[in-house]
Amino acid sequence: MTAKRLLQYFIILIGILLLIDAAVMSILSNFNLGLVATGVVSLALIAYGALWCRNKAPKWLQVVAIVCCALVVALSAFLAIYGGHNNVRYNEDAVIVLGAGIHGERVTTPLAARLDAAIAYHHKNPHAVIVVSGGRGPQESITEAQAMERYLVAKGVATGQIIQEGKSTSTYENFSFSNKLLKQKFPEGCTVAFVTNTFHVYRAERIARAAGVSARHLGAPISWYNIPPTYLREILAVAYMWVFGVK
């Protein structure tokens, strides 16, 4: 079997694995744009690999496929590296944990990672208040803030250290509404850090500035099976931000 044929089969295999990942994640988590993007990409890879195997893929399509794959890999690497460089000082007055969706009343794995990172921060700086920020969306029985507080309390964080912000429906509102609560708590001002997953740090930092919040960041990892849908969705969101600005 030639190297070219192996590459063709490899592309089809990647497409099949991505399709399986999207199908499984649609069961384990809430339906979102990332799952749609993963499904589209997987079907595109399978179709392209099949056409290439039959020598029916035109040159222009091969060029487009290579450029798109290169862009996805490059942007994913950029987001991962940027988000992996934390700048928290562990002496901030408050930490904002951005919501990431819940399934019924259960926190999703990306959100659990954010909360675990906030707990690790709390152990190093127990005096900082923790703002759990997130409203109630589709397929959610309670607000994200309520589920997040339950998770933190179950892990040993005192309720007195937690502030719920349960009205926000976007990252901009996460920061804007949380900032209003912190101004009530600290009328003379405070230093702030925010926690989100590494893939989201870059965009969240810019949204925070647009919302009038100067904050350091702490990135939380994600499970390998969450990488395709989360990064594909984030790449689309970042591209939208670059074209239309922060919304």
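The values are calculated or read from the model by the stated rules, or taken from the named source; none is laboratory data. Quick caveat, the model's predicted, so the values are computed rather than measured. Using ideal geometry, Cβ is built from the backbone for each residue, glycine included, and neighbour counts are taken over all protein chains shown.
Quick look at the numbers
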| read-out | value |
| --- | --- |
| Of the criteria (1) aliphatic (A, V, I, L, M); (2) more than 22 Å from Asp93 (Cα to Cα); (3) assigned to a helix (DSSP H, G or I), which one Ile142 fails | (3) |
| Residue in segment 188-203 that is in contact with a Ser or Thr (Cβ under 6 Å, 6 or more places away or on another chain) and under 22 Å from Asn91 (Cα atoms) present | no |
| Subset tally (residues that are among the aliphatic types (A, V, I, L, M), under 19 Å from Gly137 (Cα atoms) and assigned to a helix (DSSP H, G or I)) for segment 90-114 | 2 |
| Top-ranked residue of segment 1-45 - restricted to ones that are of a type in the set (Ser, Thr, Tyr) and in contact with a Leu (Cβ under 7 Å, 6 or more places away or on another chain), ranked as nearest to His103 (Cα to Cα) | Ser26 |
| Total residues in segment 156-169, condition surrounded by fewer than 13 Cβ atoms within 10 Å (Cβ to Cβ) and either assigned to a loop (DSSP other than H, G, I, E, B) or under 24 Å from the mean Cα position of the chain (by Cα) (or both) | 2 |
| Candidate set from segment 111-143 (those that are at pLDDT below 95 and not acidic (Asp, Glu)); member that is surrounded by the most Cβ atoms within 10 Å (Cβ to Cβ) | Arg136 |
| Close pairs from segment 67-86: first in contact (Cβ under 8 Å) with a residue 40 or more places away in the chain and more than 17 Å from Phe194 (Cα to Cα), partner surrounded by 12 or more Cβ atoms within 10 Å (Cβ to Cβ) and not polar (S, T, N, Q), Cβ under 6 Å, at least 6 apart | Leu75/Ile235; Ser76/Tyr231 |
| Cβ-Cβ under 7 Å pairs, at least 6 apart or on other chains, segment 213-233 side touching a residue at least 40 places away in the same chain (Cβ under 8 Å), far side among the acidic types (Asp, Glu) and crowded, with 17+ Cβ neighbours inside 10 Å | Arg216/Glu92; His217/Glu205; Tyr225/Asp21; Pro228/Asp21 |
| Pairs, first closer than 20 Å to Thr109 by Cα and in contact (Cβ under 8 Å) with a residue 12 or more places away in the chain in segment 12-27, second of a type in the set (Gly, Ala, Ser) and assigned to a helix (DSSP H, G or I), C-beta under 7 Å, six or more apart | Leu18/Ser42; Leu19/Gly39; Leu19/Ser42; Ala22/Gly39; Ala22/Ser42 |
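For (1) charged (D, E, K, R); (2) assigned by TED's automatic domain parsing to the domain that holds Val107; (3) touching a strand residue (DSSP E or B) at 6+ places or on another chain (Cβ under 9 Å); (4) not in a helix (DSSP H, G or I), each residue gets a yes or a no:
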{"residue": "Val153", "(1), (2), (3), (4)": "no, yes, yes, no"}
{"residue": "Tyr172", "(1), (2), (3), (4)": "no, yes, no, no"}
{"residue": "Asn179", "(1), (2), (3), (4)": "no, yes, yes, no"}
{"residue": "Ala193", "(1), (2), (3), (4)": "no, yes, yes, yes"}
{"residue": "Thr196", "(1), (2), (3), (4)": "no, yes, yes, yes"}
{"residue": "Val201", "(1), (2), (3), (4)": "no, yes, yes, no"}
{"residue": "Gly212", "(1), (2), (3), (4)": "no, yes, no, yes"}
{"residue": "Leu232", "(1), (2), (3), (4)": "no, no, no, no"}
{"residue": "Ala239", "(1), (2), (3), (4)": "no, no, no, no"}
